[in-house]
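Take a look at the structure below.
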Amino acid sequence: MPLDSRSFRKALGCFASGVTVVTAVNPATGEPVGVTVSAFSSLSLEPPLVLFCLGNATLSLDAFRTAGHFAVNILSESQRDLSIRFASRTEDKWKGVAWESWDSGAPILANCLTSLECSTVQTMDGGDHVIFVGRVERMRHQEGGSPLIYFRGSYLDLGFTAPAQG
């Protein structure tokens, strides 16, 4: 099969991924920003590092570059609407969204499986994306629940609820 961007994207869609909403506060305006991200990964346990990637065309890219902090909100299966909302280019993404802020002010979305508050350690070029590396400063996670999963261009229903960790 030829290696063009459409075929490559289709092939990568065979890798199921969790869905997150990454948030920050735009230092220029003081307003919250957020975007749906499936390009997220743990990076290191010591120190606790994670990474995520944003496309170069992301409207809030400059806000994330300059914020110094961000939050990764790992969505539950029941939060599909948040994934769709923050994946859109609508300007009113935050209307009616329940959130709180911790030490950095980055929005922590309500009822996520996990929320991680991070300080930005490094950014680097990644082709048509920017890679953000963050040190986890604070976190919260739920016991039990099922993740929101994206596979082959759509959401995947796991059909079960994961048990609480004991």
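Each value in this text was obtained by applying a stated rule to the coordinates, not by laboratory testing. On a predicted model such as this, the values are computed, not experimentally measured, just so you know. Glycine gets a Cβ as well: all are built from the backbone with ideal geometry, and neighbour counts include every protein chain shown.
Things to note:
- Gaussian network model of the chain, springs between alpha carbon atoms under 10 Å - residue of ALA87, ALA11, ALA67 with greatest fluctuation: ALA11
- Dipole of the chain computed with +1 at Lys/Arg Cβ and -1 at Asp/Glu Cβ about the Cα centre; of HIS129, TYR150, THR20, farthest Cα towards the positive end is TYR150.
- A Gaussian network model of the chain, with springs between Cα atoms under 10 Å, assigns the largest mean-square fluctuation among VAL133, VAL72, VAL121 to VAL121.
- With contributions of -39500 (n - 2.57) from each DSSP H run of at least four residues, the per-residue ellipticity at 222 nm computed over the chain stands at -3500 deg cm²/dmol.
- Length-normalised contact order for the chain - Cα pairs under 8 Å, 6+ apart - percent: 26 percent
- Net charge contributed by nearby residues that have their C-beta within less than 15 Å of ALA67 (K/R +1, D/E -1): -3
- Each other residue within a Cβ distance under 10 Å of VAL19 adds +1 if Lys or Arg and -1 if Asp or Glu, for a net charge of 0.
- Summing Cβ point charges (Lys, Arg +1; Asp, Glu -1) relative to the Cα centre of region 7-116 gives a dipole of roughly 460 debye.
- Overall dimensions of the chain, expressed as equivalent-ellipsoid semi-axes from the Cα gyration tensor (√(5λ), whole Å, largest first), are 23, 21, 17.
- Taken one residue at a time, the phi angles of region 4-9 give Karplus couplings (6.51, -1.76, 1.60, θ = phi - 60°) of 10, 5, 5, 5, 5, 4 Hz. Gly and Pro are set to x.
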